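Peer 1: One structure is given below, represented as structure tokens, and several questions about it will come after.
The values are calculated or read from the model by the stated rules, or taken from the named source; none is laboratory data. Since the structure is predicted, the reported quantities are computational estimates derived from the model, not experimental observations. Here the Cβ positions follow ideal geometry from the backbone for every residue, glycine too, while neighbour counts run over all protein chains shown. Side chains included, ligands, DNA and RNA excluded: accessible areas come from the protein's heavy atoms. Shrake-Rupley method; radii C 1.70, N 1.55, O 1.52, S 1.80 Å.
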Amino acid sequence: MQINDFNKLIEWSKTHYHHLPWREMRSVYGTLVSEIMLQQTTVNTVLNHFEKFLIKYPNIDALSQISEDQIIIDWKGLGYYRRARNLLKAAKIVKEKYEGVIPKNFSDLISIHGIGDYTANAILAMGENKPALAVDANLERVLARYYGLKAVKGIPLQREIQKLFSESKICQEINEIGGREFNEALMDLGRSFCKARASHCDLCPLSLTCYSVSHKTQS
């Protein structure tokens, strides 16, 4: 990945998606809430709920004090209510075990109920702006195509991406760009041009240095 190409991607991402409220008011807590809301749900659906939820529960302390029945009421319209229960459990654990401060390291984060590998890395990357990869389906697909990775999609490919990243073999631009903009831009790319069933490579800012474009292996 060439840094100049990625700078183009960052500018495109900011132009088209900077208005998203969880980006405008980016925080560790807001990232936790938005990422759990976004699981198995569209961006447009979350747009209708995120700001109202944060106004009512602006921090871990406020959220940790409510009941399960209450969060289910406030989650109405987002669906998949297990996510709401997981968020509430996570808030209570953070309040009790970490004095209301969301941890800033991966091992502590994944020890919290409802926070898995992806959400932990999202908190570190987007909330803390640390060099971490939050590998959702979009990042998985974009990085596999860009670098020509051959592992089977799903867990094997996610593990391959994290392994190569930890060995400094891919995505080293993140150290200059920052984890927040790096991850956000790739997620935007996956939703817009580098879709699962339709890749619009002629519009993609990374097409000149993409393995799949040069080898005509887009799939």
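Peer 1: Could you tell me which of TYR146, TYR98, ALA134 has its Cα farthest along the dipole of segment 91-171 towards the positive end, charges placed at Cβ (Lys, Arg +1; Asp, Glu -1), taken about the Cα centre?
Peer 2: Of the candidates, TYR146 comes out farthest on the positive side.
Peer 1: A follow-up question, please. Looking at this model, which pairs from LYS52/LYS195; LYS195/LYS216; LYS150/LYS195; LYS150/LYS216; LYS14/LYS130 are more than 25 angstrom apart at the alpha-carbon? Mind showing how you got there, number by number?
Peer 2: Working: LYS52/LYS195 30 Å; LYS195/LYS216 16 Å; LYS150/LYS195 18 Å; LYS150/LYS216 14 Å; LYS14/LYS130 19 Å.
The answer is LYS52/LYS195.
Peer 1: Compare ILE110, ILE177, ILE55 in a GNM of the chain, Cα atoms joined below 10 Å, and give the one with the largest fluctuation.
Peer 2: ILE55
Peer 1: I'd like the accessible area for GLU24, computed on protein heavy atoms only with a 1.4 Å probe and all protein chains in place. Round to 10 Å², please.
Peer 2: Rounded to the nearest 10, the figure is 120 Å².
Peer 1: While we're on this one: To test your reading of the geometry: what angle, between 0 and 90 degrees and rounded to tens, separates the Cα axis of helix 155-166 from the longest principal axis of the chain?
Peer 2: Result, in degrees: 80.
Peer 1: In addition: Between VAL101 and GLU167, 0.36 nm times their residue separation minus their Cα-Cα distance comes to what?
Peer 2: Fully extending the segment from VAL101 to GLU167 adds 20.7 nm.
Peer 1: Which shape class applies to segment 130-183: rounded if a/c is under 1.5, otherwise prolate when a/b exceeds b/c and oblate if not, where a ≥ b ≥ c are the square roots of the Cα gyration tensor eigenvalues? Please report the intermediate quantities before stating the final value.
Peer 2: Working: a/c = 1.89, a/b = 1.61, b/c = 1.17.
Note, shape of segment 130-183 comes out prolate.
Peer 1: Right, here's the next one. Where does helix 3-17 land angle-wise versus the long Cα axis of the chain, in degrees 0 to 90, nearest 10?
Peer 2: Approximately 40 degrees, to the nearest 10.
Peer 1: Ignoring any ligand, DNA or RNA, what whole percent of the accessible area of segment 32-116 comes from carbon and sulfur when the probe is 1.4 angstrom? Kindly include the intermediate steps, with their values, before the conclusion.
Peer 2: Details: 2290 of 4520 Å².
Ligands and nucleic acids excluded, carbon and sulfur give 51 percent.
Peer 1: Another one. Between the helical axis of 82-97 and the dominant principal axis of the chain, each derived from Cα atoms, what acute angle in degrees is found, rounded to the nearest 10?
Peer 2: 70
Peer 1: Quote the charge dipole size of the chain about the Cα centre in Debye, to the nearest 20; the model charges only the Cβ of Lys and Arg (+1) and of Asp and Glu (-1).
Peer 2: Details: 28 positive and 24 negative charges, 121 e Å.
With Lys and Arg at +1 and Asp and Glu at -1, about 580 debye.
Peer 1: Further question on the same structure: Using the Karplus curve 6.51 cos²θ - 1.76 cosθ + 1.60 with θ = phi - 60°, work out ³J(HN,Hα) for each residue of segment 42-51 in order, rounded to whole Hz, and write x for Gly and Pro.
Peer 2: Going residue by residue, I get 7, 4, 4, 5, 5, 4, 7, 10, 4, 5 Hz, with x marking Gly and Pro.
Peer 1: How many angstrom lie between the C-alpha centres of segment 182-219 and segment 102-133?
Peer 2: If you average the Cα positions of each part, the centres end up 26 Å apart.
Peer 1: Please name which of ASN7, PRO21, ILE55 has its Cα lying farthest along the dipole of segment 1-83 towards the positive end, using unit charges on Cβ (Lys, Arg +1; Asp, Glu -1) and the Cα centre as origin.
Peer 2: ASN7
Peer 1: For every other residue with a beta carbon closer than 9 angstrom to the beta carbon of ASN129, add +1 if it is Lys or Arg and -1 if Asp or Glu, then tell me the sum.
Peer 2: Combined, the nearby Lys, Arg, Asp and Glu give +1.
Peer 1: So, for the chain, what is the accessible surface per residue at a probe of 1.4 Å, expressed in square angstrom? Display every interim value, and only then the final one.
Peer 2: Details: 11030 Å² over 219 residues.
Value returned for the chain: 50 Å² of accessible area per residue.
Peer 1: Any chance you could run the full-extension gain for ILE110 through ALA151? It's 0.36 nm times the residue separation minus the Cα-Cα distance, nm to one decimal.
Peer 2: Values: separation 41, 0.36 × 41 = 14.76 nm, distance 2.47 nm.
Gain on stretching ILE110 to ALA151: 12.3 nm.
Peer 1: Okay, moving on. Which one, LEU124, GLN40, THR217, projects farthest toward the positive side of the charge dipole computed for the chain from Cβ point charges (K/R +1, D/E -1)?
Peer 2: So the residue we want is THR217.
Peer 1: What are the trypsin sites (Lys or Arg not before Pro) within segment 55-132 that DSSP puts in a loop, where the Cβ has at most 12 other Cβ atoms within 10 Å? Intermediate results must be reported in sequence, preceding the final value.
Peer 2: On the way: sites: LYS56, LYS76, ARG82, ARG83, ARG85, LYS89, LYS92, LYS95, LYS97, LYS104; in loops: LYS76, LYS104.
Taking segment 55-132 and a limit of 12 other Cβ atoms within 10 Å, the loop trypsin sites (Lys or Arg not before Pro) found are LYS76.
Peer 1: Less than 12 Å apart at the alpha-carbon level, and either on another chain or at least 8 residues along: which aspartates and glutamates does that give for LYS104?
Peer 2: The qualifying aspartates and glutamates are GLU128.
Peer 1: Run the helix sum for the chain: -39,500 (n - 2.57) per DSSP H stretch of 4+ residues, divided by residue count, reported at 222 nm to the nearest 500 deg cm²/dmol. Could the numbers behind the result be given before it?
Peer 2: Details: 15 runs with 126 residues, N = 219.
Helices in the chain give a 222 nm mean residue ellipticity of -16000 deg cm²/dmol.
Peer 1: Which of the three applies to segment 31-94, rounded, prolate or oblate, going by the alpha-carbon gyration tensor with a ≥ b ≥ c and a/c under 1.5 meaning rounded?
Peer 2: prolate
Peer 1: If I ignore ligands, DNA and RNA and count only protein heavy atoms, how much of VAL135 is accessible to a 1.4 Å probe, in Å² to the nearest 10?
Peer 2: Accessible area of VAL135: about 20 Å².
Peer 1: Residues with amide H under 5 Å of CYS194's amide H, sequence separation 5 or more or different chain, H placed in the peptide plane at 1.01 Å from N; which?
Peer 2: HIS200
Peer 1: Assign one of three labels to the chain, namely rounded, prolate or oblate, based on the Cα gyration tensor with a ≥ b ≥ c the square roots of its eigenvalues; rounded applies when a/c is under 1.5, prolate when it is not and a/b is larger than b/c, and oblate otherwise.
Peer 2: Numbers: a/c = 2.03, a/b = 1.76, b/c = 1.15.
Since a/c reaches 1.5 and a/b is larger than b/c, the shape of the chain is classed as prolate.
Peer 1: Turning to a different aspect of this structure: In sequence order, what are the phi-derived ³J(HN,Hα) couplings for segment 106-123 according to the Karplus relation 6.51 cos²θ - 1.76 cosθ + 1.60 with θ = phi - 60°, rounded to whole Hz, with x for glycine and proline?
Peer 2: Couplings: 4, 5, 5, 4, 6, 7, 8, 4, x, 10, x, 4, 4, 5, 4, 5, 5, 4 Hz.
Peer 1: Can you tell me the length gained on complete extension of the stretch ASP61 to CYS201, counting 0.36 nm per residue apart and subtracting the Cα distance? Show your work: numbers first, answer last.
Peer 2: Working: separation 140, 0.36 × 140 = 50.40 nm, distance 4.53 nm.
Contour length minus Cα-Cα distance gives 45.9 nm.
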